[in-house]
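Let me begin by presenting the structure, written as structure tokens, before commenting on it.
Just so it is clear, none of the values below were taken in a lab; they were calculated from the coordinates. Only a predicted model underlies this, so the values are computations on that prediction, with no experimental measurement involved. FYI the Cβ positions are ideal-geometry reconstructions off the backbone, even for glycines, and counts take in every protein chain you see.
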Amino acid sequence: MVIADLPARPIEQGRPGEGLLAHVLTSNYCDHQPLHRQEAIFQRHGVQIARSTLCDWVGECATLLTPLVTEMRRQILQSQKLHTDDTPVPARHGSGKEVHKGFLWTYIDPANNVVFDYSSGHSREGPVRFLGDYAGYVQADAYKDYDAIFAKGHATEVGCWAHTRRKFFDAQASEPARATEMLARIGDLYGVEHRAKEESLDREQIKLLRQKESRPILDGIETRLEQWATEVLPKSPMGQAIGYARAQWQALTRYTEDGILSIDNNLAERVLRMVAIGRKNWLFVGHDNGGRRAAVIYSLVASCKLCGIDPFAYLRDTLIRISTHPASRIEELLPRNWKLSGR
């Protein structure tokens, strides 16, 4: 009597199949169900899976999937532009109960590759380590520690009109007339962008449209900012909004120079929203290693969402294939190419 070999498993000598692992990952990082809650759900169905076991499975999967995120990072650093932003995530110091503030940074390229990177603090070391000598456009908010990247002279800063608009919106209570006027002018800028999207303009056409219609609006905004700067208190809400816009003016107008650029950084903010929702459920990411594991899974889930594919279906298929897939063809398993894999 001969016993056939077991089929390949995502976790070597492990019991869970790819469907169960994909379910745990999707529930945690897409549906925001923390592992202790999943443990209780399994128990209600008569299945005993300890939370520690679920945690081990997540770690094994993150290790298995890391080459995919490494490849996406390589592609992002070769792209012409990227969006980036960050959000805090509470983390524990080792096994102790003390909690500190870690950060998840997201980086997104035009091909819908999304990579999250975890850092244990909020300093320039996070983006500087990730971006290195990146030489494309970097669309971000005005966080001061990004200046270390731009100081190298390789990357080009692109500002965010959504951040600028928000400051004038907040100034409505104290300066309703000026705030309303500025919000209307910024709305005109977004009106140009809406037309470009509706007409499905290409990169060069978008640039020409912005040069023709957005530049005059921007000139009017700049004139108003110069005038108002002498009329309001610098530390008032309106004064701070004006100061922010003037300090960021070159970065704020740069989007008119190339049709590949966006008027704002809302893409990165939308991607980070999944972390913000999850944070309300799981409270903290464990220790710093937990933050790094979360970064790997969030990268793939967010990429799936931007590519319009089901994260569960993608993870289930990829977990069973990746261990035997040739490293030279790892790009075939990225979310942006997964539909082309023949599965």
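Among SER262, SER123, what is the fewest-to-most ranking by other Cβ atoms within 10 Å? Before the final figure, lay out the partial values.
On the way: SER262 19, SER123 12.
Ordered by Cβ neighbours within 10 Å, fewest first: SER123, SER262.
Using C-alpha pairs under 8 Å with a sequence gap of at least 6, the mean separation divided by the residue count of the stretch 81-158 gives a relative contact order of 27 percent. With everything on Cα atoms, drop me the angle between helix 237-247 and the longest principal axis of the chain, reported from 0 to 90° to the nearest 10. Compared with the principal axis, the helix lies near 80 degrees. Projected onto their three principal axes, the Cα atoms of the chain cover extents of 90, 46, 38 Å, largest first.
Ranked by the mean number of other Cβ atoms within 10 Å of their residues, highest first, the peptides 126-135, 36-45 come out as 126-135, 36-45.
Could you tell me what % of all Cα pairs in the stretch 81-158 have separations over 20 Å? Before the final figure, lay out each step's value.
Details: 983 of 3003 pairs.
It works out to 33 percent of all Cα pairs.
Please give the residues of the stretch 277-321, grouped as numeric ranges, whose backbone N is less than 20 Å from a label point set 7 Å along the Cα-to-Cβ vector of HIS122. Flagged as within label range: 277-289, 291-292, 295. Overall form of the stretch 129-283: rounded. Here a/c, set by the Cα gyration tensor axes a ≥ b ≥ c, is under 1.5.
Note on the stretch 161-263: dipole from Cβ charges, positive end direction compared against PHE169, LEU189, LEU201; the farthest Cα belongs to PHE169. The distance between label points at ILE260 and ASN289 comes to 3.9 nm (points 7 Å beyond Cα on the Cα→Cβ vector). For the residue pairs LYS152/LYS305; LYS81/LYS212; LYS81/LYS197; LYS144/LYS280, alpha carbon separations beyond 25 Å are given by LYS152/LYS305; LYS144/LYS280.
Principal-axis analysis of the Cα atoms of the chain puts helix 51-78 at an angle of about 50° to the longest axis.
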